[in-house]
Amino acid sequence: MASQRNDAHPPSVLRLGFAAGVGTSLEMYDFSIYGTAAALVFGQVFFKTGDAWLGTFMSLATFAIGFLMAPLGAAAFGWLGDRRGRRTALFAAFTLMGLATLGMGVLPSYAVIGVAAPLLLVGLRLLHGIARGGESAGAAVFAVEHAPDRRRGLYGSFVALGSPIGTVLANLAFTFVLLLPEDDVTSWGWRIPFLAGAVVLVLGMWVRRGVAESPVFERMAATQERAKRPLAEVVRTNWRRLALIAGVNIGLTASTFALVTFMLSYATSRAPEGLGLPRQPIVNGSMIALLGHALANVGAAWLSDRIGRKPVMLTGAALSLVSALAMFPIAATGTVAAVNTATILGFAATGILFGPMYTYFSELFPREQRQSGVGVGYHVGAVLGGGISPMIANRIVAGTGDAHNVGYYLAGLLALSLLCLLLLPETAPARTHDVSGTTADALARTKPVVTPARHAHGSSSSRADTTR
């Protein structure tokens with residue numbers, strides 16, 4: 001409860017928002033510049049296949065490798081966050097992620113070191129994926145645990161907001177890079193956005209140093225209520241919710257990463273696989289779409305604090321499903337305006353689903369296993385959705401010659417997300433508070449946890465605090 005927190009000077013909303021969102025911004029900045037570079041130049045720089053479309057496919061496959069490592073990173077950094085502190089885990093994950101991004105910026109090409117180039121690229125993607133597994137879930141839990149009960153959705157959206165901001169920054173970086181002659185882009189220009197990640201790394205570390213540990217974790221540490229093996233506890237006591245949140249995230253990440261990476265490749269590649277459109281107008285349209293996605297994130301999160309998480313997210317999932325079926329027929333008409341319209345529709349719909357998601361997932365798990373549960377569940381879904389969707393979309397078009405089929409694939413995954421949402425409980429305090437003042441986190445408690453502190457202080461306020 002807010003009155004029981006021991007932090008006399010809680011961080012300002014602005015500083016907390018920046019500290020929570022900066023890691024997700026760097027995460028998505030890296031993934032977006034990598035996805036853009038993979039779609040536009042990496043097939044030539046790192047993969048010599050003699051087939052441009054296959055080279056693009058192989059570079060997108062290395063994009064998927066980062067997703068494959070994220071659940072392992074979520075387990076490792078989840079243990080660190082649930083045992084040693086949310087802030088400690090965030091610093092470690094953020095530093096590793098930033099260094100991996102810089103490493104890609106200085107990596108020699110295939111022409112210089114041969115097959116070692118793609119192998120080193122894969123290694124850096126593995127490290128970035130491990131760090132990514134710890135960053136987003138850790139930041140979400142950190143923000144939500146600092147939030148007042150009835151503003152958790154809004155605070156959690158700071159982390160979600162980092163995704164479109166990072167992607168917009170990545171697109172801006174490549175907007176300037178693409179002003180260079182094409183040969184310069186391929187030879188050295190693509191490195192500039194990766195090296196620019198150093199600015200985000202330094203700024204993020206400075207801001208995070210000024211934000212205290214989560215008050216929820218501090219209380220947990222004071223009462224020695226930390227789980228020895230948090231992930232094992234999640235699997236043993238909350239496996240159903242773990243599976244369901246993975247299912248919710250499959251459709252969302254498949255759609256968003258298909259929009260971020262595959263749509264760019266499809267729009268700018270030559271026929272018959274692509275539409276052969278100029279790159280820059282498509283990148284510009286993507287930035288406009290991402291701004292709409294950001295507004296939808298915040299608006300949906302704010303609304304979820306008032307009417308509940310599930311009504312908002314179910315609406316977002318349904319709209320995302322409809323947009324998946326519509327956006328590829330629209331884009332297939334072959335104009336820049338059509339592709340940008342399709343992208344705007346897709347990002348607006350997925351923004352509604354994504355806005356409250358981090359808060360919702362955090363509320364589904366008790367505090368002693370929260371970071372492990374959120375991280376592993378979220379990233380298992382991301383592997384099965386966003387990690388492979390650009391690659392599968394690439395193969396669908398190559399095999400069928402019809403991008404409409406990509407929409408059917410995405411719609412099927414979003415139908416799964418919709419079903420999983422229906423099977424999960426509501427958690428928003430506005431919908432779940434009872435007259436005794438029990439917080440929404442009580443829904444996450446699968447069994448009572450007894451500690452000496454609660455034996456000594458058996459008041460109802462102390463009891464309610466164990467769920468925070």
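Structure notes:
- Our summary of shape: the Cα atoms of region 302-423 have principal axis extents of 50, 29, 22 Å, ordered from largest down, in whole angstrom.
- Mean separation of Cα contacts under 8 Å, 6 or more apart, over the residue count of region 62-200: relative contact order %: 32 percent
- Local charge for F67 was computed over the other residues whose Cβ lies under 11 Å away, with Lys and Arg +1 and Asp and Glu -1, and equals +2.
- Between helix 336-354 and the chain there is an angle of about 20 degrees, using the helix long axis and the longest principal axis of the Cα atoms.
- Solvent-accessible surface (1.4 angstrom probe) belonging to D305, in square angstrom, nearest 10: 10 Å²
- For region 148-279, pairs of C-alpha atoms spaced more than 27 angstrom apart make up 49 percent of the total.
- Gyration tensor (alpha-carbon) shape descriptor, region 189-243, a/c threshold 1.5: oblate
- Of the solvent-accessible surface of the chain, computed with a 1.4 Å probe over protein heavy atoms with every protein chain present, carbon and sulfur atoms account for 68 percent.
- Relative contact order %, the chain, counting alpha carbon pairs below 8 Å whose residues are six or more apart: 23 percent
- Nearest-10 value in Å² for the accessible area of T350, using the 1.4 Å probe: 0 Å²
- Note on exposure: D30, D149 ranked by accessible area (1.4 Å probe, complete protein assembly) read D149, D30, with the most exposed listed first.
- Degrees, to the nearest 10: 13-37 long Cα axis against longest axis of the chain: 30 degrees
- Relative compactness, the chain, computed as alpha-carbon Rg over 2.2 N^0.38 Å: 0.96
- Relative packing of peptides 188-196, 110-118 - highest average C-beta neighbours within 10 Å first: 188-196, 110-118
- Heavy-atom SASA rank of M287, M327 (probe 1.4 Å, accessible area, largest first): M287, M327
- Accessible surface, per residue, of the chain when the full set of protein chains is kept, probe 1.4 Å, Å²: 36 Å²
- Computed over the chain, the per-residue total of -39500 (n - 2.57) for DSSP H runs of n ≥ 4 gives a 222 nm mean residue ellipticity of -24000 deg cm²/dmol, rounded to 500.
- Other residues whose C-beta falls under 12 angstrom from the C-beta of V248 contribute a net charge of +3, scoring Lys and Arg +1 and Asp and Glu -1.
- Ordering of 279-286, 71-78, 93-100 by packing is 71-78, 93-100, 279-286, highest average first (other Cβ atoms within 10 Å, averaged per residue).
- Pairs of Cα atoms in region 247-326 fall into 10 Å distance bins, from 0 up to the last occupied one, in shares of 16, 41, 30, 11, 2 percent.
- Region 337-405: mean projected area of Cα convex hull, nm²: 5.8 nm²
The values are calculated or read from the model by the stated rules, or taken from the named source; none is laboratory data. These figures come from a predicted structure and were not determined experimentally. Note that each Cβ is placed from the backbone with ideal geometry, even for glycine, and that neighbours are counted across all protein chains shown. Calculation scope for accessible area: heavy atoms of the full protein, side chains included, ligands and nucleic acids excluded. Shrake-Rupley method; radii C 1.70, N 1.55, O 1.52, S 1.80 Å.
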